[in-house]
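All of the numbers you see were taken from the coordinates with simple rules; none came from a lab. On a predicted model such as this, the values are computed, not experimentally measured, just so you know. Note that each Cβ is placed from the backbone with ideal geometry, even for glycine, and that neighbours are counted across all protein chains shown.
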Amino acid sequence: MKILVINPGSTSTKMAVYDDEQPILLRNISHSAEELAQYGDVTEQHELRKQLVLDELHAADIPVAFDAVIGRGGLVKPLAGGVYEINDLMLQDTLNGCAMHNHACNLGCLIAHDIAKDIPGCRAFIADPGVVDELSPLARISGSPLMPRICIWHALNQRAIARRYARGIGREYEDLNLIICHLGGGISVAAHEHGRAIDANNALDGEGPFSPERAGSLPAADLIRLCFSGKYNEKQLLKRIAGKAGLNAHLGTNDMREILQRIADGDEHARLIVEAMLYHVAKNIAAEAAVLCGNIDAILLTGGMAHSDYIVGELRRRVGFLAPVYCFPGENEMEALALNALAVLQGTREAKVYE
């Protein structure tokens, strides 16, 4: 089976071609700020990005003939985890503002659909988008009926890591209780109970630990007062929640390699801020232990920051008493998308209907 994988991000579009489980092309197409500045809305970029993907295929002498095209899922309506066949309603919701946030991942289904529709017999999918919502009824309730809890998290990578860990120990994901923490520009922590993420934070909008780019949970009354202080408009404040927040706000950069080098060079302020971030990450992991009533098979760490022995070591020191801690550095989104599409094509997983 030939599968084209498309994963749009804010400053790049990752693409891959798989022959069954084997990648035969991997590319990361970078987009400069100047290149994207001409577009008023992220969804307007999809023709540009689609053409760049097609150009890479042409340059690699790979025919545009696939059994499936799968894109990173967008931030549309909350839905159960799984693989979804792209349909008109999904396209409509993405284009007409149902998507809760104007994020580049919304381009995934648009580009996948556009390429697949011109290939006879080709199917178009998304899988495990960031709005996967399998929260338990208790997890949905906040202290205000006006603001029930929602989750926006790294569902695709977390579930892929969960399945990889399960395969490695000869078990099924659906048989395990896991706490998984994705350590990236945003940090998401989720409790996985027998194949469902029954609790997860809103890692984009301000819940959970702060991260390299995001503020995490903030004192609610202080935030309200700041909103009415006259110092910031809505757009500026939203940036203070996601973008110019977290390590970026404290240290002037979201580049963990630079920050870790500063710590190695003796920058004690940088050490204090990073250790505070890890302190809050550990607290959130421990909170998910309560969700699972202490019945935890393993704690899994993943994402870009999991490459750092210092970061992993500090988290293991704080939460290792709860359960064994295993590390899966980096993001496995391209492989996860390809394997999800392949499972549907081979009939071992059924594509769901977006409705």
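Taking the alpha carbon gyration tensor of the range 180-294, what are the square roots of 5 times its eigenvalues, largest first, to the nearest whole Å?
Values: eigenvalues 124, 89, 26 Å².
Its equivalent ellipsoid spans semi-axes of 25, 21, 11 Å.
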Check: Within straight cross-link reach of LYS231, meaning Cα distance under 17 Å, which lysines are found once same-chain residues fewer than 8 apart are removed?
Finding: LYS239, LYS244
Next item on the list: Treating the angle as unsigned and between 0 and 90°, give the value, to the nearest 10°, between the Cα long axis of helix 268-291 and the longest Cα principal axis of the chain.
Entry: 80 degrees
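Can you tell me what percent of all Cα-Cα pairs in the range 222-355 are more than 26 Å apart?
Numbers: 4307 of 8911 pairs.
Considering the range 222-355, 48 percent of its Cα-Cα pairs are separated by more than 26 Å.
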Checklist line | Packing-based order for 106-114, 54-62, using average beta carbon neighbours within 10 Å, highest first | finding: 106-114, 54-62
Notebook entry, point to check: Can you flag which of LYS2/LYS117; LYS77/LYS117; LYS2/LYS77 are past 18 Å Cα-Cα?
Noted result: LYS77/LYS117; LYS2/LYS77
Notebook entry, point to check: Simple spin-label model, 7 Å along Cα-to-Cβ: GLU21 to ARG140 in nm?
Noted result: 3.8 nm
Notebook entry, point to check: How high is the relative contact order of the chain, in percent, counting Cα pairs under 8 Å that sit 6 or more residues apart?
Noted result: 17 percent
Checklist line | Check: the chain dipole with +1 on Lys, Arg Cβ and -1 on Asp, Glu Cβ, in debye | finding: 860 debye
Notebook entry, point to check: By how many degrees, 0 to 90 and rounded to 10, does the Cα axis of helix 309-319 deviate from the longest principal axis of the chain?
Noted result: 60 degrees
Next item on the list: List, in order, the whole-Hz ³J(HN,Hα) value for each residue of the range 74-91 obtained from phi through the Karplus relation with A = 6.51, B = -1.76, C = 1.60 and θ = phi - 60°; use x for Gly and Pro.
Entry: x, 8, 9, 6, x, 8, 6, x, x, 9, 10, 6, 5, 10, 4, 5, 4, 4
Checklist line | Computed over the chain, Kirkwood Rh from alpha-carbon pairs, angstrom | finding: 21.1 Å
Checklist line | 5 angstrom amide H check on GLY9, placed H, neighbours 5+ away | finding: LYS14
Next item on the list: Can you figure out the FRET efficiency of LEU95 with LEU36, using R₀ = 22 Å and their beta-carbon distance, to the nearest 0.05?
Entry: 0.75
